[in-house]
Amino acid sequence: MNLGLLQLADSALPIGGYTHSWGLETAIANGTVRDPETLERWTARWLRRSLGPFEGVLVASACRATRAGDLDALVDCNRLVEASLAPPSIRRASREMGEQLMGLGRTWAWSADRLRAVTAALPAGEPGWHHAVAFGVLGAVADGEPGDVLAAFLHQAALGMVGAGVRAVPVGHTHGQQMLAYLHSEIDDLVERYQDRDPETSGAGCPFYEILCDEQTRLYARMFRS
């Protein structure tokens, strides 16, 4: 059992993910998500059309680059995230969570030594490490295979989205865990599809999701930061 990977996928990891709804709050406000069924559909579509083909590809790519010691490729992955995340609130959240995760990794006995060279690779003046890249790096440092690291990333992302729905829809915790179980086959399919993709193929065409993320910053009342 890979305990490092389990730690990375823990929803209690203090990197601020629980403060974000990733567009869900707007979807609730406009009625797109209103009950367990629509929350499950929202989460599955988010994984399939946005997170998997974009950040998912780069998680696996960052994992492979770290395992190969290719720091230039790792920096390129981070630049792709910075250039491609359109909603400013989501781009900022990604950087904040990535930097928090890297900071935690530098305090853990199993990752601190191996992270030194990686964290020094980002040129001065560039934005910080994004969450997807940081997750891929630490997954590799935990000796995870790219497919396993990608599965852990998608699972913790789905758990975060469902957790936001439990608080905001609201949905019961039992329903939330049932949804997560239903999403396992979706996650398996995404891992199979994206674990070996080149980083240049990453990208998601989901304007509706990006619009919702942007509109969240202008809601009259908000529970989440983004």
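Can you name every residue in the stretch 119-139 that is part of a helix (DSSP H, G or I) and open to solvent by 10 Å² or more (accessible area, probe 1.4 Å)?
T119, H131
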Scope the stretch 24-78; condition out of contact with any Phe, Trp or Tyr (no Cβ under 9 Å at 6 or more places or on another chain), among the basic types (K, R) and closer than 30 Å to A168 by Cβ; matching residues: R34, R41, R48
Does the stretch 9-18 include one or more residues that are open to solvent by 10 Å² or more (accessible area, probe 1.4 Å), more than 28 Å from A140 (Cβ to Cβ) and among the polar types (S, T, N, Q)? no
Taking the stretch 86-118 only, how many residues are in contact (Cβ under 8 Å) with a residue 12 or more places away in the chain, in a loop (DSSP other than H, G, I, E, B) and of a type in the set (A, V, I, L, M)? 1
Identify, from the list A164, A152, the residue that is modelled with pLDDT under 95, under 19 Å from the mean Cα position of the chain (by Cα), small (G, A, S) and open to solvent by less than 70 Å² (accessible area, probe 1.4 Å). A164
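Residue-by-condition table, conditions (1) buried (at least 23 other Cβ atoms within 10 Å of the Cβ); (2) under 28 Å from R222 (Cα atoms):
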position: R45; (1), (2): no, yes
position: G56; (1), (2): yes, yes
position: A60; (1), (2): yes, no
position: T66; (1), (2): yes, no
position: G69; (1), (2): no, no
position: L74; (1), (2): yes, no
position: A86; (1), (2): no, yes
position: W108; (1), (2): no, no
position: L115; (1), (2): no, no
Would you mind stating whether E25 is open to solvent by less than 40 Å² (accessible area, probe 1.4 Å), more than 22 Å from Y182 (Cβ to Cβ), in a helix (DSSP H, G or I) and of a type in the set (D, E, K, R)? yes
Residues within the stretch 175-204 that are over 17 Å from the mean Cα position of the chain (by Cα) and under 20 Å from R91 (Cβ atoms), tallied: 1
What are the pairs with Cβ atoms under 6 angstrom where one residue, in the stretch 138-152, is more than 17 Å from L101 (Cβ to Cβ) and the other, located anywhere, is crowded, with 21+ Cβ neighbours inside 10 Å and of a type in the set (S, T, N, Q)? Sequence gap at least six, or different chains. P146/Q195; G147/Q195
Could you give me the residue pairs with C-beta distances under 6 Å whose first residue belongs to the stretch 197-222 and is outside any helix (DSSP H, G or I) and at pLDDT below 85, whose second residue is small (G, A, S) and buried (at least 20 other Cβ atoms within 10 Å of the Cβ) wherever it lies, and which are 6+ apart or on separate chains? A204/S50; C206/S50
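The values are calculated or read from the model by the stated rules, or taken from the named source; none is laboratory data. Predicted, not measured: the structure shown is a model, and the values here were computed from it. With ideal geometry, Cβ positions are generated from the backbone for all residues, glycine too; neighbour counts draw on all protein chains shown. The accessibility values were calculated without ligands, DNA or RNA, using every heavy atom of the protein model including side chains. Shrake-Rupley method; radii C 1.70, N 1.55, O 1.52, S 1.80 Å.
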